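J.: This is the structure I want to talk about, given as structure tokens.
The values are calculated or read from the model by the stated rules, or taken from the named source; none is laboratory data. Quantities reported herein were computed from a predicted structural model and do not represent experimental measurements. Using ideal geometry, Cβ is built from the backbone for each residue, glycine included, and neighbour counts are taken over all protein chains shown. In case anyone asks, the SASA skips ligands and DNA or RNA and just uses the protein heavy atoms, side chains included. Shrake-Rupley method; radii C 1.70, N 1.55, O 1.52, S 1.80 Å.
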Amino acid sequence: MSIQGIDAASVHRLTSGQVVTDLQTCVKELVENSLDAGATSIEVRFKQHGLGSIEVIDNGSGIAPADYDSVALKHYTSKLATFDDIASVRTFGFRGEALSSLCALCESVTVLTATEDEAPMGTVLEFDARGRVKSRSGKAARQRGTTVTLTKLFAPLPVRRKDLEKNAKREFGKALGLLQAYALVPCSKENGGVRFTVSNQLDVGGRKVQLQTKGNGSIQAAVTALWGPKAMENVVTLDIAFDVEAERGALKRLAPTTHVQVKGLISKFMPGCGRQSSDRQYLFVNGRPCNLSKVQKAFNETYRLFNATQTPFVIADIILPTDTCDINVSPDKRTIFLHSESNLIVALKVCLAASLHSFLTSAAGGTGERVRILALNIQDQLRFFGAGARV
Ligand code: ADP
Ligand code: MG
């Protein structure tokens with residue numbers, strides 16, 4: 001076969017499967033759109049663990065009629081216009097490909113939306129597989145906001161659909177895990193607090209609420225809502241700040257040092273106060289849930305100095321200038337590249353140990369723990385933190 005361009009419809013199908021790889025990315029994209037639309041209430045409804053349908057209902061801005069035609073077209077977005085905007089983007093979305101990808105990956109995609117002007121009447125939009133509006137004539141009662149309904153995720157990709165059917169409960173569990181991360185920080189931080197509800201409905205029986213937060217803007221309240229008041233026992237506020245020196249070879253436009261804040265909650269740095277497994281460790285960069293394996297390792301290693309047998313409960317939002325990280329590493333935006341990452345990690349470890357050490361020496365009041373901590377002399381600490389550390 002000679003070399004030829006792939007037709008647009010095939011390109012669309014080829015690339016969509018990378019944006020939405022599984023149930024959790026599918027639902028995360030919809031929740032992010034609701035957060036970006038300024039919603040203060042978001043409800044996620046799964047049917048048959050997401051095998052039947054997934055619906056996300058919000059009270060955000062709604063979609064204006066002038067945008068109906070472009071809302072689900074690939075790379076159409078209201079959040080970014082040129083590549084350079086990416087250095088300052090604060091919204092969750094910016095690639096304009098979630099809705100278009102979902103149109104290619106589901107049996108059907110329907111949107112019911114109303115702006116402030118149109119409420120209490122909304123418009124029903126139906127899309128074809130390429131994200132073009134095929135019907136806009138439906139009307140239904142709707143307060144301001146948007147409801148996106150997807151049916152039969154992955155129906156057009158038989159292998160992936162089979163896999164989803166086979167592992168439905170596990171995939172649903174993973175989706176809930178990711179939604180918990182959104183409940184903890186984005187729903188506490190964005191739009192002045194977001195009321196967040198996730199439910200599942202099986203063929204028989206009623207709708208069962210899986211998680212619910214009140215959205216009063218407090219991470220502590222979200223933790224209690226997710227896991228009960230016991231989850232806050234032995235947990236302290238994490239609130240540290242430090243400067244990170246730019247590494248050699250860093251972009252010239254970056255300042256020589258970056259001010260970084262880390263806010264959230266963490267297990268007390270004392271024996272018996274952590275957890276047996278690292279199941280409750282949630283990291284965020286500027287409020288965006290993400291995988292940061294090296295930063296996670298830094299938390300665990302530092303914690304181990306104070307509590308050798310356990311790992312900490314961690315919710316840590318790393319707040320730094322938007323131009324010192326790259327959020328456009330993978331289509332699902334779960335991987336974030338941090339400039340000067342190794343310097344950041346050293347500084348984080350030093351700062352964590354120093355602040356939690358002083359917390360301990362004042363709180364432990366001469367117990368065995370305290371003796372153990374004090375026995376960690378500064379040389380040991382410096383060796384642990386690496387040659388580059390400066391306290
Ligand atoms: P992106 O979020 O990267 O812009 P999406 O495909 O996820 O791309 O969404 C495309 C556009 O549709 C968004 O930029 C936004 O303008 C609009 N949109 C999607 N979901 C909602 C929603 N729940 N409320 C209001 N507008 C929405
Ligand atoms: Mg989006």
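J.: Taking the range 27-65 as the region of interest, how many residues are within 11 Å of ligand 1 (Cβ to nearest atom) and either within 24 Å of residue 175 (Cβ to Cβ) or out of contact with any strand residue (DSSP E or B) (no Cβ under 7 Å at 6 or more places or on another chain) (or both)?
T.: 20
J.: Would you check if residue 74 is open to solvent by 40 Å² or more (accessible area, probe 1.4 Å) and near ligand 1 (Cβ under 10 Å from one of its atoms)?
T.: Yes: the conditions hold for residue 74.
J.: Just need a number here: residues in the range 261-301 that are in contact with a Phe, Trp or Tyr (Cβ under 6 Å, 6 or more places away or on another chain) and either buried (at least 21 other Cβ atoms within 10 Å of the Cβ) or in a loop (DSSP other than H, G, I, E, B) (or both).
T.: Of the residues in that region, 3 qualify.
J.: Within the range 11-22, is even one residue in contact with a Phe, Trp or Tyr (Cβ under 9 Å, 6 or more places away or on another chain) and open to solvent by 40 Å² or more (accessible area, probe 1.4 Å)?
T.: Looking for residues that are in contact with a Phe, Trp or Tyr (Cβ under 9 Å, 6 or more places away or on another chain) and open to solvent by 40 Å² or more (accessible area, probe 1.4 Å), one finds none in the range 11-22, hence no.
J.: With the checklist (1) more than 10 Å from ligand 1 (Cβ to nearest atom); (2) assigned to a loop (DSSP other than H, G, I, E, B); (3) open to solvent by less than 60 Å² (accessible area, probe 1.4 Å) in hand, flag the one item residue 3 doesn't pass.
T.: If we test residue 3 against (1) more than 10 Å from ligand 1 (Cβ to nearest atom); (2) assigned to a loop (DSSP other than H, G, I, E, B); (3) open to solvent by less than 60 Å² (accessible area, probe 1.4 Å), just (3) comes out false.
J.: So, one more: If the Cβ limit is 6 Å and pairs must be 6+ apart or interchain, which residue in the range 66-83 that is free of Cβ contacts under 8 Å to residues at least 12 places away in the same chain pairs with which residue that is near ligand 1 (Cβ under 8 Å from one of its atoms)?
T.: Pairs that qualify, where the first residue is free of Cβ contacts under 8 Å to residues at least 12 places away in the same chain and the partner is near ligand 1 (Cβ under 8 Å from one of its atoms), are 70/76.
J.: What about residue 98, is it within 15 Å of ligand 1 (Cβ to nearest atom), surrounded by 14 or more Cβ atoms within 10 Å (Cβ to Cβ) and either without any contact (Cβ under 8 Å) to a residue 24 or more places away in the chain or within 22 Å of residue 9 (Cβ to Cβ) (or both)?
T.: When the stated conditions are applied, residue 98 passes them.
J.: Oh, and also: Say whether the condition of being touching a Lys or Arg at 6+ places or on another chain (Cβ under 9 Å), modelled with pLDDT of 95 or more and surrounded by fewer than 16 Cβ atoms within 10 Å (Cβ to Cβ) is met by at least one residue in the range 151-159.
T.: Taking every residue of the range 151-159 in turn, at least one turns out to be touching a Lys or Arg at 6+ places or on another chain (Cβ under 9 Å), modelled with pLDDT of 95 or more and surrounded by fewer than 16 Cβ atoms within 10 Å (Cβ to Cβ).
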